[in-house]
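Heads up, the thing below is written out as structure tokens.
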Amino acid sequence: MARTKHYTFSLSILVLFFVLFCAPTAILATETLIFVGSKDTKESFHGRWLTLIYDEVFQRLGYRWEYWAFASPRASAMSDGGEVDGEIARVPDYGSAHPNVVMVSESHFDTRIAAFAVTPGISLDGWSSLQGTSFLINYRRGTKIVEKGLERYGNAAEVYTVNSSRQGLKKLITGRTDLYIDVEHVVLDELQRLPKDKFNTSAVYNAGHMVKSSLHMFLHKKRADLAPKISAVLQKMKREGLIEHYRQTAFMIE
């Protein structure tokens, strides 16, 4: 009987120890982080690749996570205001205009910005190749890397924003703009989704790459402590060949 009481007492102490010291860790392990990005990116090859990468990253760090899609300006406002935990993919200098976010120093992968056309014979190479031209150009609203490039080199052109890559491609195919500039894979994925009986997608071609840039996750400053941890996991995944493996997998996902 005394032995049973001693056993019960010891078990109670262990349970109390778990509640006081282990429970907060268990709660942390099931916490859900929210990251935002543009709808066009999430629905593209890049979005599929990002999902695979960060499923792995946050599983290793002990978090659940969700990837929400909005128009780019709204995504920025949500991350700036701390409504979410950060943005999933932005170029390195994004933080210079957004002091409430912290960049994860290790990039997940690089991206290329391309100019698309239907008028034959247009050939571009970098933003500077737009100097002296008079093209009518559209780009997706909130795509900061494109906005900055056009501000610097597109002064002679007429530049307008569209709300989505689909809208931009429709305007390009129907002759209402000369160039549509956006993330290359976003455009290529959208071309596959446009109805071929309504739009001559075969006429669209890549007229040249404007810039290549690394892409990084940005965290709201309340989550700044996670930045080095995410960087470390990304570095390890690259050494393991997982980032490339997930790239290949993303190509096979519809």
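The values are calculated or read from the model by the stated rules, or taken from the named source; none is laboratory data. Keep in mind that what you see is a predicted model, and the values were worked out from it rather than measured. Cβ atoms come from the backbone with ideal geometry, glycine included; neighbour counts cover every protein chain shown. Just so you know, the surface numbers come from the protein's heavy atoms only, side chains and all, with ligands and any DNA or RNA stripped out. Shrake-Rupley method; radii C 1.70, N 1.55, O 1.52, S 1.80 Å.
Test THR133 against the stated conditions and say whether it is hydroxyl-bearing (Ser, Thr, Tyr), open to solvent by 10 Å² or more (accessible area, probe 1.4 Å) and modelled with pLDDT of 90 or more.
Spelling it out, it is not the case that THR133 is hydroxyl-bearing (Ser, Thr, Tyr), open to solvent by 10 Å² or more (accessible area, probe 1.4 Å) and modelled with pLDDT of 90 or more.
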Residues in segment 56-73 that are of a type in the set (Lys, Arg) and in contact (Cβ under 8 Å) with a residue 60 or more places away in the chain total 1
Those residues of segment 160-181 which are open to solvent by 60 Å² or more (accessible area, probe 1.4 Å) and part of a helix (DSSP H, G or I) amount to ARG166, GLN167, LYS170
Condition set outside any loop (DSSP other than H, G, I, E, B), among the small types (Gly, Ala, Ser) and touching a residue at least 40 places away in the same chain (Cβ under 8 Å), scope segment 34-55, selection surrounded by the fewest Cβ atoms within 10 Å (Cβ to Cβ): answer is GLY37
How many residues of segment 182-198 are surrounded by fewer than 18 Cβ atoms within 10 Å (Cβ to Cβ) and under 29 Å from ARG247 (Cβ atoms)? The answer is 6
Scanning segment 199-223 for residues that are open to solvent by less than 50 Å² (accessible area, probe 1.4 Å) and part of a loop (DSSP other than H, G, I, E, B) gives PHE199, VAL204
Pairing a residue in segment 150-164 that is modelled with pLDDT of 90 or more with any residue that is of a type in the set (Gly, Ala, Ser) and not in a strand (DSSP E or B), where Cβ atoms lie under 6 Å and the two sit 6 or more apart in sequence or on different chains, gives VAL162/GLY168
With the first residue restricted to segment 121-149 and required to be among the polar types (S, T, N, Q), and the second required to be part of a loop (DSSP other than H, G, I, E, B) and open to solvent by less than 80 Å² (accessible area, probe 1.4 Å), Cβ contacts under 7 Å at 6 or more apart or on different chains are THR133/ALA156; THR133/ALA157; SER134/ALA156; SER134/ALA157; ASN138/THR177
When segment 140-149 is checked residue by residue, the ones that are over 17 Å from the mean Cα position of the chain (by Cα) and surrounded by 19 or more Cβ atoms within 10 Å (Cβ to Cβ) are GLY149
Scanning segment 235-254 for residues that are closer than 30 Å to ALA115 by Cβ and among the aliphatic types (A, V, I, L, M), the one least open to solvent (accessible area, probe 1.4 Å) turns out to be ALA250
Going through (1) exposed (fewer than 14 other Cβ atoms within 10 Å of the Cβ); (2) in a helix (DSSP H, G or I); (3) modelled with pLDDT of 95 or more; (4) not hydroxyl-bearing (Ser, Thr, Tyr) one by one, GLU66 fails only at (2)
(1) touching a residue at least 60 places away in the same chain (Cβ under 8 Å); (2) over 18 Å from PRO73 (Cα atoms); (3) within 25 Å of the chain's Cα centre (by Cα) all hold for LYS170 apart from (1)
task: Taking ASP110 as the residue in question, decide whether it is surrounded by fewer than 21 Cβ atoms within 10 Å (Cβ to Cβ) and under 30 Å from MET217 (Cβ atoms).
output: yes
Worksheet entry | Yes/no for PHE58 being of a type in the set (Phe, Trp, Tyr) and over 30 Å from ALA207 (Cα atoms) | yes
